[in-house]
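Structure first, commentary second.
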Amino acid sequence: AAAGAGYILITATTISNDASISFTSIDSTYDHYILELINVVPATDTAHLYIRTSNDGGSSYDSGGSDYQKQSLQSHDTTVTGTGETTDALDLTGSVESGDDAGGVSGRITIDDPANTATFTRLWGDLPWWYGGSSDDLYTNTFVACRAAAEAVNGISVYFSTGNLSTGKVKLYGVVKS
């Protein structure tokens with residue numbers, strides 16, 4: 001990448017029936033990180049994709065009832081539903097279809113200024129997925145969220161609400177400072 005522009009691949013993980021995928025290579029090297037999900041499929045139908053953050057290098061992940069705030073717009077066909085919530089984890093999808101033919105969840109999540117201890121770490125992104133129900137329809141979720149504490153975030157854990165991450169890939173990039 002040219003100086004002042006581009007993404008640097010930090011790590012890439014191929015999922016193989018994992019309970020969760022964690023990334024602890026997050027520090028002040030970059031102001032922004034990109035988490036790229038490629039066809040992440042749950043082992044169990046109707047599972048939701050979640051993220052939690054860590055401030056201790058992945059020894060534990062923040063899971064208190066008000067640790068996260070999120071605003072999102074889910075769309076399907078011509079229906080758009082908005083939600084806002086304070087939760088113990090970031091729920092980033094609705095029910096996701098299992099099975100490799102469904103395609104799982106794909107998209108990018110930006111992690112904004114995670115080393116800054118003076119502000120809440122913000123996350124935002126767009127994630128399309130196949131609905132895990134009787135209709136097998138494509139959905140998408142556009143969201144903005146934060147870890148509701150002014151502390152450094154140096155770890156991210158990705159998991160489904162039930163069952164394992166069956167297949168797919170997840171990559172973590174650092175965005176070169178300009």
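The values are calculated or read from the model by the stated rules, or taken from the named source; none is laboratory data. Note that the coordinates shown come from a computational prediction; the quantities given were computed from them, not determined experimentally. Because the Cβ atoms are built from the backbone with ideal geometry, glycine has one as well, and the counts that use them run over all protein chains shown. Ligands, DNA and RNA are excluded from the accessible area calculation, which covers all protein heavy atoms including side chains. Shrake-Rupley method; radii C 1.70, N 1.55, O 1.52, S 1.80 Å.
A few remarks follow.
- Sequentially through the range 71-76, phi angles give Karplus couplings (6.51, -1.76, 1.60; θ = phi - 60°) of 10, 8, 10, 9, 10, 7 Hz, Gly and Pro residues having no value and appearing as x.
- Taking packing as the residue-averaged number of other Cβ atoms within 10 angstrom, the listed peptides 161-171, 58-68 run from highest to lowest as 161-171, 58-68.
- Protein accessible area in the range 1-86, 1.4 Å probe - carbon and sulfur %: 43
- Label positions at SER66 and ASN17, each projected 7 Å from the Cα along the C-beta direction, are separated by 4.2 nm.
- Longest to shortest principal axis, alpha-carbon extents of the range 13-91, angstrom: 41, 31, 25
- Karplus-derived 3J(HN,Hα) values for the range 139-145, using 6.51 cos²θ - 1.76 cosθ + 1.60 with θ = phi - 60°, are 10, 9, 10, 10, 9, 9, 8 Hz; glycine and proline are entered as x.
- Surface listing: SER98, SER54 arranged by accessible area from highest to lowest gives SER98, SER54, probe 1.4 Å.
- For the chain, the C-alpha radius of gyration sits at 0.99 times the compact-globule guess of 2.2 N^0.38 Å, with N the residue count.
- A protection proxy built from the mean count of other Cβ atoms within 10 Å ranks the segments 121-127, 20-26, most packed first, as 121-127, 20-26.
- Accessible area per residue in Å² at 1.4 Å probe, computed on the chain: 44
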